[in-house]
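The values are calculated or read from the model by the stated rules, or taken from the named source; none is laboratory data. Just so we're clear, the structure is a prediction, and the values are computed from it rather than from any experiment. Cβ: placed from backbone, ideal geometry, glycine included. Neighbour counts: every protein chain shown. Quick note on the areas: whole protein, heavy atoms, side chains included, nothing else; ligands and nucleic acids left out. Shrake-Rupley method; radii C 1.70, N 1.55, O 1.52, S 1.80 Å.
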Amino acid sequence: MKTTAKEAKARILRHQRIGADSFRLRLRCPEIARLAQPGQFIMLRVSEQSDPFLRRPFSFSRVFPPGGKMKRTEEDGILEICYKVVGRGTSLMTKLQEGQQLHVLGPLGNGFWAAQGRKQAILIGGGIGIAPLIPWAEKLQRGRAQDRTFRNLNEPSAVVVLIGGESRDKILGVKEFKKLDLEPQISTEDGSLGVPGMATDLLERELMTRGHVSVALYACGPMPMLAKVAQIADQFDLPCQVLLEARMACGMGACLGCAVKVREEDSLKNSQHAPPDAAEERILCTSAFAGGETGASSESFVQDVSQPPAFRYARACKEGPVFESREIIWE
Ligand SMILES: Cc1cc2nc3c(=O)[nH]c(=O)nc-3n(C[C@H](O)[C@H](O)[C@H](O)COP(=O)(O)OP(=O)(O)OC[C@H]3O[C@@H](n4cnc5c(N)ncnc54)[C@H](O)[C@@H]3O)c2cc1C
Ligand code: FES
């Protein structure tokens, strides 16, 4: 579904620490909450000052649209984001106070879409990457009862959640998934919670023990994890969507700061898994822009299996941030 991004002011209702280096911000912003879809994001100005100049992108971790189901005492039109402190912008965010107003732009990008005809959805999140999978799990769970798009997900264990992190205090989202009647499987690299290892180990185990005939994968996390998920998806021939947290400057398609290398083929048009609007957002870059020598349009490339795949650059903020994993050139 195509939505128009809005500039809005959002009031901070709650700001909590949720993990060793992670926080949750609950914002009242009915204009954006009305439109927001799982996998889309906002660009958030982290301070009232002009420094840092650039807004920072964050995925929705919960959305309560206006008029939705809230306790009578609570306000609606709410967005939540979860963030991990990694640098200057996110460090400044830890100082934000409840009641303060923030400038936000959104909803932006293309979110997750239902893989057609699949009976099981496996959601794989690494660290803070679990955040956008919470509203997607909610949509899948609710949709199973209400929406034709999700009617294939009719088995009791149709939605499976796998969460990975470095250690116990970096595992996020468990409570939220339990509220959705989902029992996430957990792995930690140091073995302090769940199965020792990586979320991708859980995925391989799940596919080998429970079968994989009608499975679709949805993943968000660090790039090496996503590359491994994509490789597993190829190995088992499964449709797989990945949310790429590419570095972004404008978030609106104007700067090419979020360019992602993708295969140059009609995969979007032909793929039954592609979101309906994504094809319109494609940009065909010349090979000169892509580092080639001829300057010819990449449209003129002819696929040659002995050569590396022809590629173009996609703007993650417009065509993504959710992509079909087979589209991405993982380097
Ligand atoms: C669509 C999208 C959704 C996102 N959703 C979330 C979310 O829900 N929660 C969350 O915590 N983060 C999310 N991110 C990443 C988040 O935007 C960055 O962590 C944040 O902008 C870093 O800002 P900073 O000023 O603290 O870091 P900077 O000072 O800009 O950078 C600090 C360090 O972090 C690295 N870094 C910065 N941005 C990224 C990035 N996008 N990916 C990988 N490394 C990066 C830099 O290379 C540097 O090493 C998302 C990014 C995108 C594009
Ligand atoms: S961030 Fe500017 S084009 Fe995507």
Whole-number accessible area per residue in Å² for the range 120-243, which is evaluated in the context of all protein chains at 1.4 Å: 43 Å²
Convex hull volume per residue in cubic angstrom - Cα atoms of the range 1-99: 109 Å³
Mean Cβ neighbour count within 10 Å, used as a protection proxy, ranking 108-119, 36-47, 84-95 highest first: 36-47, 108-119, 84-95
Share of carbon and sulfur in the accessible heavy-atom surface of the range 6-108 [1.4 Å probe, %]: 47 percent
Amide H partners (placed H, <5 Å) of residue 329, local residues excluded: 261, 262, 263
Per residue accessible area of the range 35-113, 1.4 Å probe, in Å²: 47 Å²
